[in-house]
Amino acid sequence: MSDKIAVVFGGVSNENEISVITGVMAANVLLSGGWDVLPVYISQSGEFYAGEELKKLNTFSQNGYKKCQRAQIFGGAVHLFNARGKLKKSFVPRCVLNCCHGGWGEGGGLAGVCAAAGLPLAGAGAFESAAFMDKYLTKIVLAGLGVNCAPYVYVKSGGEGVCGLPYPLIVKPATLGSSIGISRADNGEELQRALDCAFLLDGAAIVEKYIEPRREINCAAYRAEDKIVVSECEEPLPQSDIYTFEDKYGGGGKSVFPAKIPEEISTYIRKTTRLVYEKLNMRGIVRFDYIYSEEVYLSEINTVPGSLAYYLFASGFKEFYPVLEGVIRQAETDFARSKKKLITTGILQNLPSAGGKCGRK
């Protein structure tokens, strides 16, 4: 095993570019702490690339990443290939850090790839990644835990705009993040238009009661040294009635940290964050997005948050390094423990060499 950390980002996702920012940031934070890092980028068409140049954001202007070596993760290692597809080098990273936003990268696919390859993954597992990438499954899981969510209807592509909830409503593509494709609807015509927009991007949508008045509150958690660390609450300040992509990533939005909310509300949000994280035995940095009105509603759960939510744990990248280090070391500890749980039943030792009938008739 090498001493490298493989930082994987990008992906077949509408959030590919945001993931590049997160991945490059994380790679350089780890480098600043003395770790050996190999960035691995997944393009929007699904090709893997790896190389030192991927540590620089300007590599991604005009598809500069294509000059890097092609890569694959399988058989317990990361493999690098030249332009002709010839294997040039392989190494076994000590850990893989998941910085993919959206798509199968965040939705459990990368967790599955690492599990199949036998590599420790610093990030959420396959189940919670898949469940929380889908807003409908998120609602079902949270209902099972007794967590309060806003009233909603699940609508598949081709469905009509009749949902039985009072206006105003908010429409969200079921499996997209970063506020991509979300719309507010104040009447039936706007609802159908919002659904049409959502279905251009996804095969299903969540139509949710628009809670007003409302305040957006975020909280995050991670696990290190077998202990769950929960952040203080943050209040994003969107410029409109919906927390948009521009608010999040275009410099249009501001936030208040710690959020100026009653202490009992902050305590409730932090306890709920810990509850969900703990009950699902989660790993990695996970951000929980709430709506605070007369009640508190848990809206969404991001298993790979933008910039890995460093701003909720640290005042800057230097202070964020111990968080990333703790998440990585937890992944290594978990992986070492899981390897000790494997057994061999011995059933194949008693089978006839030519096969034959097995089991009950």
| request: Quickly run through segment 110-151 and pick out the residues that are surrounded by fewer than 18 Cβ atoms within 10 Å (Cβ to Cβ), assigned to a helix (DSSP H, G or I) and without any contact (Cβ under 8 Å) to a residue 12 or more places away in the chain. | output: ALA115, LEU137, ILE140, ALA143, GLY144
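Scanning for something in a loop (DSSP other than H, G, I, E, B), closer than 15 Å to LEU298 by Cβ and not aromatic (Phe, Trp, Tyr), does segment 158-177 turn up at least one residue?
The answer is no, given that none of the residues of segment 158-177 is in a loop (DSSP other than H, G, I, E, B), closer than 15 Å to LEU298 by Cβ and not aromatic (Phe, Trp, Tyr).
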| remark: Across segment 262-298, the tally of residues that are part of a strand (DSSP E or B) and within 17 Å of GLY144 (Cβ to Cβ) stands at 3
| request: Please determine, by comparing only the residues of segment 21-32 that are closer than 17 Å to ALA122 by Cα and in contact (Cβ under 8 Å) with a residue 40 or more places away in the chain, which one is surrounded by the most Cβ atoms within 10 Å (Cβ to Cβ). | output: GLY23
| message | One residue is enough: does segment 289-299 have a residue meeting the conditions under 30 Å from GLU332 (Cβ atoms), at pLDDT 95 or above, surrounded by 21 or more Cβ atoms within 10 Å (Cβ to Cβ) and aromatic (Phe, Trp, Tyr)? | response | no
| field | Single condition LEU80 does not satisfy, out of (1) touching a residue at least 40 places away in the same chain (Cβ under 8 Å); (2) part of a strand (DSSP E or B) | value | (1)
| remark: A careful count of residues in segment 189-234 that are of a type in the set (D, E, K, R) and in a strand (DSSP E or B) gives 7
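Table: residues versus (1) at pLDDT below 95; (2) in a strand (DSSP E or B).
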| residue | (1), (2) |
| --- | --- |
| ALA6 | no, yes |
| PHE9 | no, yes |
| MET25 | no, no |
| ASN28 | no, no |
| GLY34 | yes, no |
| PRO39 | no, yes |
| ASN58 | yes, no |
| GLY64 | yes, no |
| ALA71 | no, yes |
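The values are calculated or read from the model by the stated rules, or taken from the named source; none is laboratory data. Predicted, not measured: the structure shown is a model, and the values here were computed from it. Neighbour counts run over all protein chains shown; Cβ positions are idealised from the backbone, glycine included.
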